[in-house]
Structure formats: C-alpha cells, structure tokens
Amino acid sequence: MDRISSKQVWWLVIAIAVIWFANLEYRTLIKPDEGRYAEIPREMVVSGDWVTPRLNELKYFEKPPLQYWATASAYTLFGEHQWTTRLWTGLTGFAGILLVWFAGLRLFGREAAGYAALLLSSSLLYVLMGHINTLDMGVTFFITLGIAGLLLGQAQADVRKQRNWMMLAWAGMALAVLSKGLMGIILPGTALFIYCLVQRDFGVLKRMHWLPGLAVFAVITVPWFVLVMKANPEFFERFFIYEHYTRFTTKDLGRYQPWYFFIPILLAGALPWTVLMFDSVWRTVRNSKLPEQMFNSQRFLLVWAVFVYVFFSISGSKLPSYLLPMFPVLALLMGKRIAEMRERVLFWQVMPALLVPLALLALALNVGKLADTPNQAELYPHYAPWLVTAAMVSLAGLVGGLLLLWRGKKVIAVPVLALSALVAAQIALSGYETVARERSAKHIAEAIRAEVKPDVPFYSVLTYEQTLPFYIKHTFTLVQYQDEMAYGIKQEPQRYIPTLEEFAKAWAAQPAALAIMPAYVYPQIQQLGIPMQIIFEDTQHIVVKKP
C-alpha cells in the first residue's frame, strides 16, 4: 500500500488487532468443539499428565496435543477463562494475517502484501474460525508457515538462505502435525508432488534439504509420539489407522455430506471478496507461466487451493472449517491481483457483496421463524438487533468503499471495506451470545455451582453436555452413554456405568451424589425408585442431587 504512510499502517494494524481480540471473553462456550477443547487442557492441568490427552478422564486420541498444551499453558499463566480457552485460536489467526503480509511482501511486493493481509483479516470464514475454539486455525497457521517457508526458500539462489527457509518449512509442517495429525505433512507433500507434475519440474525435490529437514521434523514431532505410545500401546492403531484412514474413507462419524457441500461454504466464506477470489484464480491460471523462475510460487499457491478443495470434497467426513487452509493462500493471490487491478474493475467485483447486508436484514426479520423448539422461539428474536447492526455496518462499509473505488482511491477503499467486514462479522458473532444458552451449559453451572464438590460424584445419564465440565471444574461418570468417548470407555470400562439399573445401585451406595440427564429421561429414572431432588430444570436438562 505505497501511498499509506508507515504510521498509518501501524494504526491500521492496531485497529485490526483490537477488533480481532476484543470479544474472545464475551461469548459463552458452545458445544461440542468449544467445550471439548476447553476441557481437555483443563484436565491436563489438573492431572499433571501432559502426555495422554483425556476427555472426561477418558483417553482421547483423536488429535495431537499442541493446542492442548498451548491452552493448558494459558490456563496456568492467566487462569481458566473463556478468553484463555480461545487464546490459541485467536493468536494463530492473527499471526496468520501477519504471516500472509510477510510472505506477500517478499513474493509480490509491499502493495500486494498489504492487500493480502487486509483480505484475509476480513474474509468471513477466516474471521469466524479465528474466534471459535477448534483446532483448525492452529493447523492452518502452521501449514501456511510451512508453505511460506517453501516458497521463500525455493526463491533463493543462495544455498545457505535456501536451507534456512526450508528448515522453517519443515518446522511448520512438524508443528502442523502436532496440531492436527498427519494432514500437516500429507497435504503439503501431495500438493507439492501435484505441482511437480503440472509444471513438469521435479527440480524442487532436489532442493528440499531432506536430511536436515527430516531431522528438524523428527526433533519436533517424535518425542511426544514416543512418549504417548510408551504410555498407551493402543495409541498407534487408534490414532494412525482409525483417525487418519477410517475417518477419511468412511462415513463413521456421521459427517458425510454430498460432494457439493463446500460450494456454499466457499462462496460465503470468501465474502466480501468472493468475485475477486474467482477472478484471481482465473488470472493465475492464465498468467502464472514464468519459466524463467526457479520455482513458480503463483502456480503452487493455485495448486494448493484447488487440491485442498478437491481433497476434502471427496472425503467421507466434511465440516465447513476444513476449507480454512485455502484462505491464506487465496489471500496472497487476491492481494497480488488487487495490486494490479484498476479501481473500476474492483468496484464491479465488490458490488455483488451488497447482497450480504440485505440478506442479513432479511434474516433478522425472519430469525424467529427458524425456531424448531420453544426454547429457540424464546431466544432467537433477541438475535435480530445484532444482525441488523451487523447489516448496517456492512452496508455502510460497502457503500463507502465502493464510492472510494469509483473515485479511484483504491488504497483507502480496500481498508474501509476490510475493516467494515471484520467489524460486521464480529458483531454478528458476538450477537450469538443471545442464543448461546441453547448450546451451552454455563447457566446450568451457575445454578448448581454451590452443590458441586470435588469429592461428590457427578453422573451424566444418557447425555454428555460438553461445556458443563469446564464451567463446574468437575468431570462425570457416564451412564448408558458413550458417543466419542466409546474408545476411552473400552480402555477403562471401570469409569463407565452401562445401564440405568447399575446406576441406581451406584447412586444408592453414595452418601451424596449429583446427576444430569435430558429432561425426557427423568420420568424413566423416577420409575426406578431412585431418591432424587431437582436442583435445576429447563426444557433440555434436569439436574438432581441425592436428598
């Protein structure tokens, strides 16, 4: 952004940072992911065992521990809060914006780098996933770090500089593996091989610095895998076979979606830059033939984006967040395209985004009609003012940005468009707090906290409320419910009660006890003649204690 002073750039960075981190504490944790990924690190801190991840004190081998370690460290330093549960996600998301700027600066120049960072900081899916506690933002950052190291390394003629960048690439892939498993190396490795085939250039494989690179990779990844397999011999089959092969090739997890599932995710996730995204990809396809370069960074970025989309589209397990690793790469391509683009062209590409605030207003007016339960019917209308506010901010930013583009002031228009999109997304996300009660147990925790004692057993009957353990700082004994903890129960069946009849015996043997159950289950429990006193009740759950 050549016509913006360094001081103005710093103020822009500060503004984005303030908006980015402002609401990490505001929203209640929601199930399932936010509760799960807040609770596993909490149990690490309580137990002191940072090798074997556990959920509800049961072995949980779905993912590696890097984010658990980071969140547990945040708990140790700052306490257990909503913002510390989301801190790693927020930090890696913001760091990804800075990383895109740094990579863009060296690859495409200062103007393209600034635009790329602005586009990434305001792309809808990236903003949302940067503020929801899942593992996807962390792995996206480290994969992007690996890709940036690869691109910058392959652009170097000096062998020493090339090696240094490639060590960064190997370290990024290793940390991606520790974030979310083998996808951290399999996806970049496969994309690189496809690039070699497309370019008919396998010379890059000679410049990977394999021996020192694999040494860096092993130093980062191997210690934990050795320790966890030593402590848990069953880990290998569960983690490497089931989690990486079975989940991708089957519909076991109930996350199967048709091949076109990601089309609306991509279209909405790139807002307000969706048209620009397609234009940038098309321009890259047409204009990225640069045979004089040792390594064609634009072509690799294109291969990566297309490969990630196709890879997850054919997977048997799909979630919207799986597309996240595409976005930093797309931002680099779009940043380069904007730097070369005339203002009026960008004007017409942004113009369709005016439909977004109109859609938000329509949603606000009809949000109550989306309710399927009495609880939703009560809560959803409270979301409407937030959606209206987000729509007005989005509309104002789009109109202002479009007017600036029409007047030829692209360098001001793009920050206006980006900041307004970021603020609008944060407002809409923060407004979800008005309906979060439906997907959170924080209100239950506040109602029963006085009854919860460390030495009093707490049973969870035919359910597992993911967010409640974090808020009450207490785990459950599961009763006739397994779900994602089935594997851990198989390993330690003594921590589980398989039937309501056995639960009745365990309840009778305790001098004091608590239990949570779905509201519809309570009459069944009453028929067993178990003495219970209700201490909390709503339309979804009932909590009882032994009188």
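The values are calculated or read from the model by the stated rules, or taken from the named source; none is laboratory data. Owing to the predicted nature of the structure, the values given are computational and were not obtained by experimental measurement. Methodologically, a virtual Cβ is constructed for each residue, glycine included, from the backbone with ideal geometry; neighbour enumeration extends over all protein chains shown.
Residues that are buried (at least 19 other Cβ atoms within 10 Å of the Cβ), of a type in the set (G, A, S) and on the phi < 0 side of the Ramachandran plot: does the stretch 466-486 have at least one?
no
Checking the conditions here, which among G146, G109 is over 19 Å from V303 (Cβ atoms), touching a residue at least 40 places away in the same chain (Cβ under 8 Å) and not β-branched (V, I, T)?
Working: G146 fails: over 19 Å from V303 (Cβ atoms).
Of G146, G109, the one residue that is over 19 Å from V303 (Cβ atoms), touching a residue at least 40 places away in the same chain (Cβ under 8 Å) and not β-branched (V, I, T) is G109.
So K7 ticks every box in (1) touching an Asp or Glu at 6+ places or on another chain (Cβ under 9 Å); (2) more than 15 Å from L128 (Cα to Cα) but one. Which box is left unticked?
(1)
Within the stretch 9-45, track down each residue that is surrounded by 14 or more Cβ atoms within 10 Å (Cβ to Cβ) and free of Cβ contacts under 8 Å to residues at least 24 places away in the same chain.
If the condition is that a residue be surrounded by 14 or more Cβ atoms within 10 Å (Cβ to Cβ) and free of Cβ contacts under 8 Å to residues at least 24 places away in the same chain, then V13 is the only one that fits.
Among the residues that make up the stretch 350-363, is at least one of them surrounded by 15 or more Cβ atoms within 10 Å (Cβ to Cβ) and under 30 Å from Q156 (Cβ atoms)?
No, the conditions are met nowhere in the stretch 350-363.
Tell me, yes or no, whether the stretch 69-76 has at least one residue that is touching a Gly at 6+ places or on another chain (Cβ under 9 Å) and not polar (S, T, N, Q).
To start, the set of residues in the stretch 69-76 that are touching a Gly at 6+ places or on another chain (Cβ under 9 Å) comprises 70.
Cutting the leftovers down to not polar (S, T, N, Q) gives us 70.
Yes, that holds for at least one residue.
Could you list all residues from the stretch 460-472 that are of a type outside the set (F, W, Y), more than 15 Å from R54 (Cβ to Cβ) and out of contact with any Leu (no Cβ under 7 Å at 6 or more places or on another chain)? Spell out how you get there, then give the answer.
Just the residues of the stretch 460-472 that are of a type outside the set (F, W, Y), to begin with: 460-463, 465-469, 472.
Next, from what is left, pick out any that are more than 15 Å from R54 (Cβ to Cβ): 460-463, 465, 467-468, 472.
Scanning the stretch 460-472 gives V461, L462, T463, E465, L468, I472.
Counting only residues that are under 30 Å from F476 (Cβ atoms), give me the helices (runs of 4 or more DSSP H) lying completely in the stretch 376-455 with at least 1 of them.
Values: elements: 384-406, 410-431, 442-448.
Hits in the stretch 376-455: 410-431, 442-448.
Quick check, is I4 more than 16 Å from the chain's Cα centre (by Cα), within 30 Å of R110 (Cβ to Cβ) and in a loop (DSSP other than H, G, I, E, B)?
Details: more than 16 Å from the chain's Cα centre (by Cα): yes; within 30 Å of R110 (Cβ to Cβ): yes; in a loop (DSSP other than H, G, I, E, B): yes.
Considered against the rule, which asks whether it is more than 16 Å from the chain's Cα centre (by Cα), within 30 Å of R110 (Cβ to Cβ) and in a loop (DSSP other than H, G, I, E, B), I4 comes out as yes.
Please state which one of E80, E57, E43 is on the phi > 0 side of the Ramachandran plot, over 19 Å from the mean Cα position of the chain (by Cα) and not polar (S, T, N, Q). Walk me through how you get there before you give the answer.
On the way: E80 fails: on the phi > 0 side of the Ramachandran plot; E43 fails: on the phi > 0 side of the Ramachandran plot.
Answer to the selection: E57.
Scan the helices (runs of 4 or more DSSP H) fully inside the stretch 18-129 and keep the ones with 1 or more residues being within 30 Å of N232 (Cβ to Cβ) and in contact with a His (Cβ under 8 Å, 6 or more places away or on another chain).
On the way: elements: 33-47, 66-78, 82-108, 110-122, 124-129.
Once the helices (runs of 4 or more DSSP H) in the stretch 18-129 are filtered for at least 1 residues that are within 30 Å of N232 (Cβ to Cβ) and in contact with a His (Cβ under 8 Å, 6 or more places away or on another chain), what remains is 82-108.
Looking at the stretch 46-56, which of its residues are in contact (Cβ under 8 Å) with a residue 12 or more places away in the chain, of a type outside the set (V, I, T) and out of contact with any strand residue (DSSP E or B) (no Cβ under 9 Å at 6 or more places or on another chain)?
W50, R54, L55
Please work out if G79 is closer than 19 Å to P223 by Cβ and without any contact (Cβ under 8 Å) to a residue 60 or more places away in the chain.
Values: closer than 19 Å to P223 by Cβ: no; without any contact (Cβ under 8 Å) to a residue 60 or more places away in the chain: yes.
Judged against the criteria, G79 is not a match.
Just to be sure I understand the filter: pairs with C-beta atoms under 7 Å, separated by 6 or more residues or on different chains, first member in the stretch 333-356 and under 20 Å from A112 (Cβ atoms), second member surrounded by fewer than 19 Cβ atoms within 10 Å (Cβ to Cβ) and of a type in the set (A, V, I, L, M). Which pairs pass?
As it stands, the answer is L333/V281; Q349/V275, since those pairs meet every condition given.
Might you check whether a residue that is closer than 24 Å to A113 by Cβ and surrounded by fewer than 18 Cβ atoms within 10 Å (Cβ to Cβ) occurs anywhere in the stretch 388-400?
yes
Report whether or not L128 is among the hydrophobic types (A, V, I, L, M, F, W, C), more than 25 Å from F94 (Cα to Cα) and under 26 Å from the mean Cα position of the chain (by Cα).
Working: among the hydrophobic types (A, V, I, L, M, F, W, C): yes; more than 25 Å from F94 (Cα to Cα): no; under 26 Å from the mean Cα position of the chain (by Cα): yes.
Judged against the criteria, L128 is not a match.
Contact list please: Cβ distance under 7 Å, first residue in the stretch 505-519 and free of Cβ contacts under 8 Å to residues at least 40 places away in the same chain, second residue of a type in the set (A, V, I, L, M), pairs at least six apart or on different chains.
Close Cβ pairs (under 7 Å, with a partner that is of a type in the set (A, V, I, L, M)) amount to A519/I542.
Report yes if some residue within the stretch 520-529 is surrounded by 17 or more Cβ atoms within 10 Å (Cβ to Cβ) and under 27 Å from I40 (Cα atoms); otherwise report no.
No, every residue in the stretch 520-529 fails to be surrounded by 17 or more Cβ atoms within 10 Å (Cβ to Cβ) and under 27 Å from I40 (Cα atoms).
Can N366 be described as in a helix (DSSP H, G or I), surrounded by fewer than 15 Cβ atoms within 10 Å (Cβ to Cβ) and modelled with pLDDT under 95?
Numbers: in a helix (DSSP H, G or I): yes; surrounded by fewer than 15 Cβ atoms within 10 Å (Cβ to Cβ): yes; modelled with pLDDT under 95: yes.
Against the criterion (in a helix (DSSP H, G or I), surrounded by fewer than 15 Cβ atoms within 10 Å (Cβ to Cβ) and modelled with pLDDT under 95), N366 qualifies.
Report yes if T52 is under 12 Å from T85 (Cβ atoms), at pLDDT 95 or above and either surrounded by fewer than 23 Cβ atoms within 10 Å (Cβ to Cβ) or not small (G, A, S) (or both), otherwise no. So that I can check it myself, show each step before the final result.
Numbers: under 12 Å from T85 (Cβ atoms): no; at pLDDT 95 or above: yes; either surrounded by fewer than 23 Cβ atoms within 10 Å (Cβ to Cβ) or not small (G, A, S) (or both): yes.
Criteria not met by T52.
Out of everything in the stretch 196-248 that is of a type in the set (S, T, N, Q) and assigned to a helix (DSSP H, G or I), what residue ends up being farthest from V159 (Cα to Cα)?
The first filter runs over the stretch 196-248 and keeps only residues of a type in the set (S, T, N, Q), leaving 199, 221, 232, 246.
Of the ones still in play, those that are also assigned to a helix (DSSP H, G or I) are 199, 221, 246.
Details: Q199: 22, T221: 26, T246: 41 Å.
In this case the residue turns out to be T246.
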